[in-house]
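See below for the structure under consideration.
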Amino acid sequence: MSFDDRELEELARGLHQEWDSPALWPRIQAELKAEPLRQPAVRFWTLAAGAAVAAAILLLTAALAQLVPERTTAGAGADFLTRDALRDVRRTEAAYARSIDKLFALAAPSLETSPAPLAAAYREKLRILDAAIADLKANMDSNPYNSYLRTQLASLYRDKQETLEEWMLHAKDN
């Protein structure tokens, strides 16, 4: 049995029914009044999380802008400037890594000798950070102009620095 659009429309009109339901709206109103009001705190925390993400993106963008060498359109001179900027970035990274190594040398005696479970957690976190740093450095050797890898490396160095500083504060308090 096949129907065309006109026949379906006529059939649908014939099936249409309306009825009075005077109790429907009062029942809906009563149920709405009985529901507890939602707290606006969820919205506040959602906005706060969004602001935190936006701030993190701005910080990463600023860090990236400092690490990425500027490119010019001067042709052969541009390549020289890019290599020169990369050399400066590598020099700065090496100095930063040396300062973190000095910080590690200060923290290592108390970190390595402490039997506390917290010390073990800090040692494990530092091992993971060191492995990630080594992995990124190996990847950067094949692509030295990759700004994303440089940004990630800077982030790992900051994490390592913050971890060492946290441990030193903890060790000083105990």
Which condition breaks for residue 155 when tested against (1) surrounded by 16 or more Cβ atoms within 10 Å (Cβ to Cβ); (2) at pLDDT 90 or above? (1)
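Any chance the range 162-170 includes a residue that's closer than 21 Å to residue 64 by Cα and either touching a residue at least 24 places away in the same chain (Cβ under 8 Å) or loosely packed, with under 15 Cβ neighbours inside 10 Å (or both)? Steps first, answer last, please.
Filtering the range 162-170 down to residues closer than 21 Å to residue 64 by Cα leaves 162.
Checking which are either touching a residue at least 24 places away in the same chain (Cβ under 8 Å) or loosely packed, with under 15 Cβ neighbours inside 10 Å (or both) leaves us with 162.
Yes, there is a match, as at least one residue in the range 162-170 is closer than 21 Å to residue 64 by Cα and either touching a residue at least 24 places away in the same chain (Cβ under 8 Å) or loosely packed, with under 15 Cβ neighbours inside 10 Å (or both).
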Counting only residues that are modelled with pLDDT of 70 or more and within 30 Å of residue 145 (Cβ to Cβ), how many does the range 28-71 have? 15
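Filter the range 102-113 down to residues that are farther than 14 Å from residue 164 by Cβ and surrounded by 14 or more Cβ atoms within 10 Å (Cβ to Cβ), then give me how many there are. Even if it seems obvious, please write down each step before you answer.
Within the range 102-113, the subset farther than 14 Å from residue 164 by Cβ is 113.
Those still in the list that are surrounded by 14 or more Cβ atoms within 10 Å (Cβ to Cβ) too: none.
Result for the range 102-113: 0.
The values are calculated or read from the model by the stated rules, or taken from the named source; none is laboratory data. Predicted model, so just to flag it, every value in this text is computed and none were measured. Every residue, glycine among them, receives a Cβ derived from its backbone with ideal geometry; neighbour counts consider all protein chains shown.
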